[in-house]
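Each reported figure results from applying straightforward, stated rules to the coordinates on display, with no laboratory input. Quantities reported herein were computed from a predicted structural model and do not represent experimental measurements. Note that each Cβ is placed from the backbone with ideal geometry, even for glycine, and that neighbours are counted across all protein chains shown.
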Amino acid sequence: MGARVLVAEDDVMQARLVRIYLEREGNEVQVVGDGRAAIEWARSSRPDLIVLDVMMPEVDGLDVCRILRAESQVPILLLTARSTEESMLLGLDLGADDYLTKPYSPRELTARVRALLRRSGAAARAADSTRLSVGDLEIDTARFEVRVAGEPVPLTGKEFAILGMLAEQPGRVFTRAQIIDRLFGFGRNVLERTVDAHVMNLRRKLEQGRTGARYVETVYGRGYRLADQGGGR
């Protein structure tokens, strides 16, 4: 059974092309042409994934991303004509899981959608009430929840996936290339700076309001690791 995908794109021809390719994959596709409709449809129909154009009428795509990310963990793929690093980082900071710059190949878009759905589906299949704990950090893969000292910490899908990967082996250093290969699947197209942005956001959320707390550590010249605080599974 295919996934339910929301495509928010005001360019009619572009939206039609995306719809054709995604429906060929067996997905059920709903197309809307402005940001306000995207928010309303996402709230009412709970899609499995959202393909979201940045430049849209009514409500800008970045604002749509920010609003929806505060309400759910639905995977979001941004489409943007803005190819600058600042624009990419802003989208990731607002909670997008991946992005494509225009013009893009429809085949690459469908591949990115498949990868995001596969990863979100894998997270759902792992819902066996497994809990990982490292010190006062708790990760509940069944509920897709993270808590620090008992307080919930809301994360995006990519942030949760990175944290889960690091938590598999606390103290082990994972390189950016390993994180890209595991969580993105497009090593040649994903910038290491993309991983850095996700980790920066993850670290900020885990350590917010906790003076001196360190969970995700940078090992310069190597990558990232979860600080081993003597906790267990």
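For the chain, with the dipole built from +1 on Lys and Arg beta-carbon atoms and -1 on Asp and Glu ones, taken about the Cα centre, which of Val134, Tyr104, Ala15 lies farthest toward the positive end?
The listed residue farthest towards the positive side: Val134.
Considering Cα pairs under 8 angstrom that are at least six residues apart, work out the relative contact order of the chain and quote it in whole percent.
15 percent
Sort Asp97, Asp228, Asp63 by Cβ crowding within 10 Å, fewest neighbours at the top.
So the residues, fewest neighbours to most, are Asp228, Asp63, Asp97.
Roughly how tilted is helix 192-207, in degrees to the nearest 10 and between 0 and 90, from the longest Cα axis of the chain?
It is inclined by approximately 60 degrees.
Roughly what % antiparallel, to the nearest 5, for the DSSP beta bridges in the chain?
Once the DSSP bridges in the chain are tallied, antiparallel ones form about 50 percent.
Assuming a ≥ b ≥ c are the square roots of the Cα gyration tensor eigenvalues, decide whether the range 4-124 counts as rounded (a/c under 1.5), prolate (otherwise, with a/b larger than b/c) or oblate.
Cα axes put the range 4-124 in the rounded bin.
Once both axes come from the Cα atoms, what is the angle between helix 12-24 and the longest principal axis of the chain, in degrees from 0 to 90, rounded to 10?
60 degrees
What angle do you read, to the nearest 10 degrees and between 0 and 90, between the alpha-carbon axis of helix 106-125 and the longest principal axis of the chain?
Approximately 40 degrees, to the nearest ten.
Can you put Val148, Val195 in order of Cβ neighbours within 10 angstrom, beginning with the fewest?
The fewest-first ordering by Cβ neighbours comes to Val148, Val195.
Under unit Cβ charges (Lys, Arg +1; Asp, Glu -1), what dipole magnitude, rounded to 20 debye, does the chain have relative to its Cα centre?
680 debye
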